[in-house]
Amino acid sequence: MMAEQSVYRRRVLVALDPCEVDPSDFEASARLAAGLDAELVALFVEDSDLIAAADLPVTHLIPAGCRQLAALDAGAMRRAFRVAEGRAREHLSDAAERWHLDWSFEVTEVRHAAETMARLKREDFLALASTAGRRAVISRRSAAVHAERAPCPVMLLRREGRRGQPVSVLYEGEESALVLGRDLARVYGSPLLVLVAGEGAADLAQREKEAGRWLTATGTAGVAQRIMARESKGIGRLLCEVDAGLVVVDHGSAIGGRLDLDVLADETRASIVVLGIG
């Protein structure tokens, strides 16, 4: 096994949901961009269908804490998006300044998400705020679908992470997963845990040797732990047991490809980083 070098990341893109703007998303993305020496790019995603629906006569707004219906139209919805956009831009500017980053801010409509994904390059890194809100533009389900199709690593951000939690890599023979896990462990100052997965004893033994040789050859401080994983059902439980704060999964691998990323994010309460198959 060759000691692969880190892949240069030119941009860290964070996709922002106007329904779920949270300062912690900007801070997490800025820290990642600083650690990878990349530009920070925010994609503010508007729901064009929601704007169109606001003009329907049956659509009304119920303000928080109020029982009365309020008038709603496309103009009011656009103004609400502009307010959220301004707040997001301010959060981004503050985070980028703290981390001394080059940054940019783009507004895109959700119906053009496929075009946005097509612009991604292998050397990019996409961060998606993986929210549980049913009315969120970027739901956990849609985020997981994007992660599976992107040509670059995609992080499904969670907000419950704690310092000191390990970066765990589900290793099935793909060296790029080890490289990415090492780079992220360095970014966050976290221990690296390589979970060697396979469908048989011989398979596991071979991959455990590969992972050990890679750790030694690259001078990477980490631990390889063998797990028997004939199917994907027990992966979430295992990741909870090792208290993983961030998990790297190769979605093009046998076991990783069968994982339901939406369910895994729920089970582990960890940020999931996916090497897609796109």
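Throughout, read-outs are computed from the coordinates displayed, never taken from laboratory work. Values in this document were obtained by computation on a predicted structure and should not be read as measured data. Counting neighbours? That spans all protein chains shown, and the Cβs are built from the backbone with ideal geometry, glycine included.
Points 7 angstrom from Cα along the Cβ direction at residue 27 and residue 87: gap in nanometres?
Reported label-point gap for residue 27 and residue 87 is 1.7 nm.
Just rank 152, 240, fewest to most, by other beta-carbon atoms within 10 angstrom.
On the way: 152 21, 240 13.
Lowest to highest Cβ neighbour count: 240, 152.
Provide the FRET efficiency to the nearest 0.05 for the residue 260-residue 10 pair, computing r from the beta carbons and using R0 = 30 Å.
0.45
In nm, to one decimal, how far is the modelled label at residue 37 from the one at residue 199, with both set 7 Å along Cα→Cβ?
About 4.0 nm separates the two model spin labels.
So how far apart, in nm, are the two label points at residue 107 and residue 243 if each is 7 Å from Cα heading toward Cβ?
In this crude spin-label approximation the distance works out to 4.5 nm.
With the calculation restricted to Cα positions, what are the radius of gyration and Dmax of the stretch 167-275 in angstrom?
Answer for the stretch 167-275, Rg first and Dmax second: 12.5, 35 Å.
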